[in-house]
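Structure record follows, encoded as structure tokens.
The values are calculated or read from the model by the stated rules, or taken from the named source; none is laboratory data. Predicted, not measured: the structure shown is a model, and the values here were computed from it. Note that each Cβ is placed from the backbone with ideal geometry, even for glycine, and that neighbours are counted across all protein chains shown.
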Amino acid sequence: MVNKEKYYITTAIAYTSGKPHIGNTYEIVLADSIARYKRQQGYDVFFQTGTDEHGQKIELKAEEAGITPKEFVDGVSGQIKEIWDLMNTSYDKFIRTTDADHEAQVQKIFKKLYDQGDIYKGHYEGMYCTPCESFFTESQLVDGKCPDCGREVTPAKEEAYFFKMSKYADRLIDYINTHPEFIQPVSRKNEMMNNFLLPGLQDLCVSRTSFSWGIPVSFDPKHVTYVWLDALTNYITGIGYECDGESSDLFKKNWPADLHLIGKDIIRFHTIYWPIFLMALDLPLPKQVFGHPWLLQGDGKMSKSKGNVLYADELVEFFGVDAVRYFVLHEMPFENDGVITWELMVERMNSELANTLGNLVNRTISMSNKYFGGVVSNTNVVEDVDADLKAVVLGTEKKVAEKMEDLRVADAMTEIFALFKRCNKYIDETMPWALAKDEDKKDRLATVLYNLVEGICIGATLLEPFMPETTKRILAQLNAPARTMEEISTFGGYPSGNKVVEKPEILFARLDIKEVLEKVEEKKKSEELEKVGPVIDIEPKAEITFDDFEKMQFQVGEIIACEEVKKSKKLLCSQVRVGSQVKQIVSGIKGHYSAEEMVGKKVMVLVNLKPAKLAGVMSEGMLLCAENEDGTLALMTPEKDMLPGAEIC
């Protein structure tokens with residue numbers, strides 16, 4: 001297919017505060033599927049993603065980690081890029097806001113906007129949310145908390161530069177009203193108009209002085225450029241925008257962007273702040289901003305504090321890359337939030353991937369080998385049932401195109417799997433195993449198997465943007481050449497006489513949910529152990545009953561006196577007050593505590609141990625200690641101050 005027009009697609013750049021979870025990863029996979037689809041359609045695609053690396057939150061996290069902010073973002077940005085690569089995303093540019101060329105352009109943009117009167121100096125006083133890096137007035141808070149993330153806000157007052165948002169507000173309102181495709185879905189457009197633009201825009205704080213990790217304002221270096229003027233401009237700096245000179249050919253070719261793909265939580269910044277910045281720079285606005293919904297865990301929005309975070313790499317470990325791509329793309333509704341759980345992943349793996357698709361490919365190849373030695377020939381013995389199969393197969397491309405035009409990716413995938421389901425139904429209708437019993441129907445059997453192979457090839461080609469490796473594996477097993485969209489517009493492109501592989505590969509193995517959940521639990525326990533550091537495992541003793549345990553009497557004792565046992569190098573003799581009694585207890589801890597250290601300690605005592613002589617000294621109980629792997633002993637002491645004699649149970 002000859003390249004048509006350009007198509008510039010971007011994701012929001014990922015914030016480098018930590019490892020992205022599967023909800024964050026959904027966006028890059030979604031963008032990749034659109035980019036791959038557009039390439040398949042013949043567009044000259046440029047796909048940009050990257051990382052947002054400045055701000056107070058980063059500065060604080062780096063301080064906690066005991067490293068510089070640059071060292072911190074280098075590590076996290078690298079981790080994000082690894083996950084994007086793991087998910088087989090085909091981006092053309094990975095921009096970092098710490099890139100020197102980006103930082104230089106941000107400084108020039110700031111100066112240009114200041115010189116033309118769009119930015120002015122003032123003071124900011126309001127409520128500040130550090131995680132969101134946003135200021136709010138009291139009226140904008142929800143129950144006294146950040147309206148975006150629901151976290152605590154703190155009062156903040158500092159000198160700052162401001163952008164005159166109101167200067168461009170009417171122009172933006174007019175643009176949105178005359179370009180209905182600009183903000184999608186429509187519900188996001190209504191939210192921006194009714195909640196922010198129509199009530200009137202406040203001027204936007206675009207610099208900070210309370211932290212230093214940011215791009216310095218060139219003419220006032222105690223100020224750093226505030227996050228949104230820095231982060232949003234990546235969409236033009238990444239393709240070679242030059243603020244005070246000749247921009248690159250890449251910029252001239254690709255701007256304006258055809259699609260900014262972002263999460264619904266940052267739609268305001270991309271449909272209000274960003275267009276106004278562009279108007280001030282006298283640049284065209286992006287053609288469309290799509291605010292996608294969130295992918296939620298079964299019990300709500302993913303959060304480390306809730307302990308319900310899922311990561312792409314751990315899901316890939318269980319299911320494989322394309323299965324995870326399938327799930328996040330197919331299970332996300334167009335406008336509403338999607339849900340991900342281990343149980344749902346396994347169910348889709350088994351029903352759609354292993355059964356509908358994997359079993360179809362396996363059966364078709366196996367029958368081709370069993371009945372024709374793997375040779376697939378079009379003998380053109382046609383029956384009425386073939387027409388409906390061909391109609392469904394050839395009609396799928398148009399249905400997919402209609403869905404993708406509106407970015408309804410999940411619906412497009414549903415259409416492709418409807419094709420595979422129709423192929424499975426065709427097997428039931430034609431019953432190849434029955435045809436094989438009649439020598440006179442051998443040519444009809446060959447046609448049936450040819451139709452199945454051709455249907456699968458066309459379906460696999462349509463599947464490529466969403467599950468690229470699966471498409472390669474299917475076509476390789478069928479010994480089928482890759483085809484363009486024009487080449488799958490007619491039925492019969494599979495070369496007659498081709499030979500499929502002798503032994504089909506299992507595309508997706510069925511999983512047992514119980515086994516998966518057990519492995520997940522084991523992995524969680526292992527990770528928890530890694531978090532708390534090294535542990536010691538000892539040889540287990542024989543099990544005891546509760547009756548055995550009940551025979552032992554443990555109480556808190558207070559050591560009121562202690563001395564060395566003269567005939568021993570290891571023993572100390574302690575006088576231990578337990579309730580109204582004083583017990584003499586000999587312990588082998590001289591190498592770990594001095595007699596003076598022992599006095600005053602509250603300890604755990606086994607009080608009903610049968611008395612025995614140690615080195616000629618009577619001992620009337622036992623002090624309990626913990627022993628480390630190097631033999632170090634530590635007395636077991638109560639966490640809180642307890643009275644001598646308190647029962648330990």
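Restricting attention to segment 225-234, does a residue exist that is part of a loop (DSSP other than H, G, I, E, B), crowded, with 20+ Cβ neighbours inside 10 Å and under 30 Å from the mean Cα position of the chain (by Cα)? Yes, there is a match, as at least one residue in segment 225-234 is part of a loop (DSSP other than H, G, I, E, B), crowded, with 20+ Cβ neighbours inside 10 Å and under 30 Å from the mean Cα position of the chain (by Cα). Comparison of Lys6, Lys61 shows that the only residue that is charged (D, E, K, R) and either closer than 26 Å to Gly459 by Cβ or within 23 Å of the chain's Cα centre (by Cα) (or both) is Lys61. Among the residues of segment 559-600, the ones that are within 17 Å of Gly616 (Cβ to Cβ) and either charged (D, E, K, R) or under 56 Å from the mean Cα position of the chain (by Cα) (or both) come to 9 in all. When segment 631-649 is filtered for residues that are under 18 Å from Val582 (Cβ atoms) and in contact with a Pro (Cβ under 9 Å, 6 or more places away or on another chain), only Ala646 remains.
Mind checking which helices (runs of 4 or more DSSP H) fall wholly inside segment 393-510 and carry at least 2 residues that are touching a Gly at 6+ places or on another chain (Cβ under 7 Å)?
Values: elements: 409-430, 432-435, 442-463, 468-477.
Those helices (runs of 4 or more DSSP H) span 409-430.
Pairs are defined by a Cβ separation below 8 Å, a sequence spacing of at least 6 or placement on different chains, a first member in segment 9-38 that is within 20 Å of Asp258 (Cα to Cα) and at pLDDT 95 or above, and a second member that is in a helix (DSSP H, G or I) and of a type in the set (Lys, Arg); the pairs so defined are Ile9/Lys38; Val29/Arg325; Ser33/Arg325.
In contact (Cβ under 8 Å) with a residue 12 or more places away in the chain and surrounded by fewer than 16 Cβ atoms within 10 Å (Cβ to Cβ): which single residue out of Val321, Val385, Val400 fits that description? Give the steps one after another, and end with the answer.
Working: Val321 fails: surrounded by fewer than 16 Cβ atoms within 10 Å (Cβ to Cβ); Val400 fails: surrounded by fewer than 16 Cβ atoms within 10 Å (Cβ to Cβ).
Residue meeting the stated conditions: Val385.
Phe110: part of a helix (DSSP H, G or I), in contact (Cβ under 8 Å) with a residue 40 or more places away in the chain, in contact with a Leu (Cβ under 9 Å, 6 or more places away or on another chain) and surrounded by 20 or more Cβ atoms within 10 Å (Cβ to Cβ), yes or no? Give the derivation first.
On the way: part of a helix (DSSP H, G or I): yes; in contact (Cβ under 8 Å) with a residue 40 or more places away in the chain: yes; in contact with a Leu (Cβ under 9 Å, 6 or more places away or on another chain): yes; surrounded by 20 or more Cβ atoms within 10 Å (Cβ to Cβ): yes.
Considered against the rule, which asks whether it is part of a helix (DSSP H, G or I), in contact (Cβ under 8 Å) with a residue 40 or more places away in the chain, in contact with a Leu (Cβ under 9 Å, 6 or more places away or on another chain) and surrounded by 20 or more Cβ atoms within 10 Å (Cβ to Cβ), Phe110 comes out as yes.
Of all the numbered requirements in (1) buried (at least 17 other Cβ atoms within 10 Å of the Cβ); (2) in contact (Cβ under 8 Å) with a residue 24 or more places away in the chain; (3) of a type in the set (S, T, N, Q), Asn628 misses one, and that requirement is (1).
Within segment 484-492, identify whether any single residue is within 34 Å of the chain's Cα centre (by Cα) and not polar (S, T, N, Q), and answer yes or no. Yes, there is a match, as at least one residue in segment 484-492 is within 34 Å of the chain's Cα centre (by Cα) and not polar (S, T, N, Q).
Of the strands (runs of 3 or more DSSP E) that lie entirely inside segment 556-649, those containing 3 or more residues that are under 30 Å from Pro534 (Cβ atoms) span 602-606, 625-627, 633-635. Those residues that are at negative phi and over 35 Å from the mean Cα position of the chain (by Cα), I need them from segment 395-437; list them, please. Scanning segment 395-437 gives Lys425, Tyr426, Ile427, Asp428, Glu429, Thr430, Pro432, Trp433, Ala434, Leu435, Ala436, Lys437.
Count, please, the residues in segment 454-502 that happen to be free of Cβ contacts under 8 Å to residues at least 12 places away in the same chain and of a type in the set (Lys, Arg). If you could, list the steps in order and put the result at the bottom.
Our first condition is that a residue be free of Cβ contacts under 8 Å to residues at least 12 places away in the same chain; within segment 454-502, this holds for 471-472, 487.
Subset that is of a type in the set (Lys, Arg): 472.
Looking only at that region, the number is 1.
Within segment 359-392, the set of residues being small (Gly, Ala, Ser) and in a helix (DSSP H, G or I) comprises Ser366, Ser368, Ala387, Ala391.
Among the residues of segment 39-61, those identified as over 23 Å from Leu232 (Cβ atoms) and either part of a helix (DSSP H, G or I) or aromatic (Phe, Trp, Tyr) (or both) are Arg39, Gln40, Tyr43.
Across segment 527-555, the number of residues qualifying as modelled with pLDDT under 80 and either in a helix (DSSP H, G or I) or within 24 Å of the chain's Cα centre (by Cα) (or both) comes to 6.
Residues in segment 580-595 that are touching a strand residue (DSSP E or B) at 6+ places or on another chain (Cβ under 8 Å) and farther than 22 Å from Glu627 by Cβ were compared, and the one that is surrounded by the most Cβ atoms within 10 Å (Cβ to Cβ) is Lys583.
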